[in-house]
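For reference, the structure discussed in these notes is given below.
Derivation of every value follows stated rules applied to the coordinates shown; laboratory data play no part. Remember, it's a predicted structure, so these values are computed and weren't measured experimentally. With ideal geometry, Cβ positions are generated from the backbone for all residues, glycine too; neighbour counts draw on all protein chains shown.
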């Protein structure tokens, strides 16, 4: 019984996570290569290894031969073949292991920094964290332990390339599964998620158990659960909102903390017009439009934020243009608003087909409404452009006048100062002359 061989095979199989049978096959292939190297290319050489006892048998033309007599060159050939085969098996094992873990969170240690790309030691191999998959503004030191999402696993010829990510939205989803047991157990479901890595994330959750508060469970006692996630993300803000099947309610929740007055949905354009007070406008839009942008991605609606004045102006322009057409009355305008057509641009963009289908209008009337709205919208745009140009001209003229006035005011003090300087020079000269003149005697 070849105990040494069995022990070595068992150790390699455990360390490299390779099947024992694959290792025995690799050894048989290596010995076969050595035999062919020693005897020359021939098809009548066989090699078998007993999996239970580890006994090696090499036969040539059915006759048992001693593989120890192959010599140094054949042994070197067997060694190279065996090393190559084990590396291939290990690469296959690594690929299968991490392919099964794709989309999951894995921990590793920062090994080195290759420019903008970080190499992360994952134990049996290394993963790559590209710059675009890192959280903006986040830095990592060599030896630091980090958690990443296994984004992609690729077999790149002689190595397995494992691409990691910390900026992917699924990284947030997996962190919630780790920190919130109810999410892991599917009592709470993450219905939608929108993220701008390093800045803000909006997440919509719902609960299948009426006794479990989905938002409270995600936040935790005194914010303990959400704090762990925010700390892992380096302070990234996370908004947790309640999911609702009603698009209007969901959009209202997604735009919080801004207070919404009214929402008008246009299903044809997949556009939601949201009306907020002037005081809530900046809050609803967010810094650089971040709040409304994330809310739009969370709800899958194109969201327009308007003040009550802008909303009323759009309706007034629409009504003013369409009142010239016979059959357009208050009831008809209400039906248009129900379809989400609240301004001239909406009616022009949506076209006549929804009017024919939803309002049961004739093709001629629908075409007339769309053409009228298009012409009126063009006229309104021209008037707005002219108004803005006039306002810009007035502002420029006012600025020019202000600069001129400041120039005139600054001239007088300069002249006064210059005159004062001349008087001082003259007084000094007179004092000097008086000092040089002979004393007056009586």
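Mean residue ellipticity at 222 nm, helices only, the chain: -17000 deg cm²/dmol; runs of at least 4 DSSP H residues each add -39,500 (n - 2.57), and the sum is divided by the number of residues. With a simple spin-label model that places each label point 7 Å from the Cα along the Cα-to-Cβ direction, the separation between residue 22 and residue 69 comes to 3.6 nm. Against the chain, whose longest principal axis comes from its Cα atoms, helix 308-322 is set at around 80 degrees.
Modelled spin labels at residue 60 and residue 14, positioned 7 Å past Cα toward Cβ, are 3.8 nm from each other. Among 397, 366, 321, the largest mean-square fluctuation in a Gaussian network model of the chain, built with springs joining Cα atoms closer than 10 Å, belongs to 397. Subtracting the Cα-Cα distance of residue 39 and residue 221 from their residue separation scaled by 0.36 nm leaves 57.9 nm. Could you tell me the calculated FRET efficiency between residue 170 and residue 300, based on Cβ-Cβ distance and R0 = 22 angstrom, to the nearest 0.05? Efficiency, rounded to the nearest 0.05: 0.80.
Comparing Cα centroids, segment 8-85 and segment 164-235 end up 54 angstrom apart. Please tell me the relative contact order of the chain in percent, rounded to the nearest whole number, where contacts are Cα pairs under 8 Å and at least six residues apart. For the chain, the relative contact order is 7 percent. Annotation: the residues 167, 93, 312, sorted from fewest to most other C-beta atoms within 10 Å of their own C-beta, follow the order 312, 93, 167. The label-point distance for residue 152 and residue 386, in a model that sets each label 7 Å from Cα toward Cβ, rounds to 5.5 nm. Going from the fewest other Cβ atoms within 10 Å to the most, the residues 393, 247 appear in the order 393, 247.
Among 46, 77, 139, which comes first, then next, by fewest other beta-carbon atoms within 10 Å?
Fewest to most other Cβ atoms nearby, the residues stand as 139, 46, 77.
Calculated FRET efficiency, residue 270 to residue 325, Cβ-Cβ distance, R0 = 45 Å: about 0.95 to the nearest 0.05. Would you look at the GNM of the chain, springs on alpha carbons closer than 10 Å, and say which of 333, 345, 52 moves the most? Top of the fluctuation ranking is 52.
Seen against the Cα atoms of the chain and their longest principal axis, helix 363-436 is set at about 70 degrees.
Compute the label zone of residue 261 within segment 270-310: residues whose backbone N is under 20 Å from the point 7 Å along Cα-to-Cβ. Residues passing the 20 Å test: 272-286, 292, 303-310.
Taking the Cβ-Cβ separation of residue 316 and residue 403 as r and a Förster radius of 45 Å, what is the calculated FRET efficiency to the nearest 0.05?
0.70
Seen from a random direction on average, the alpha-carbon convex hull of the chain projects onto 54.4 square nanometres.
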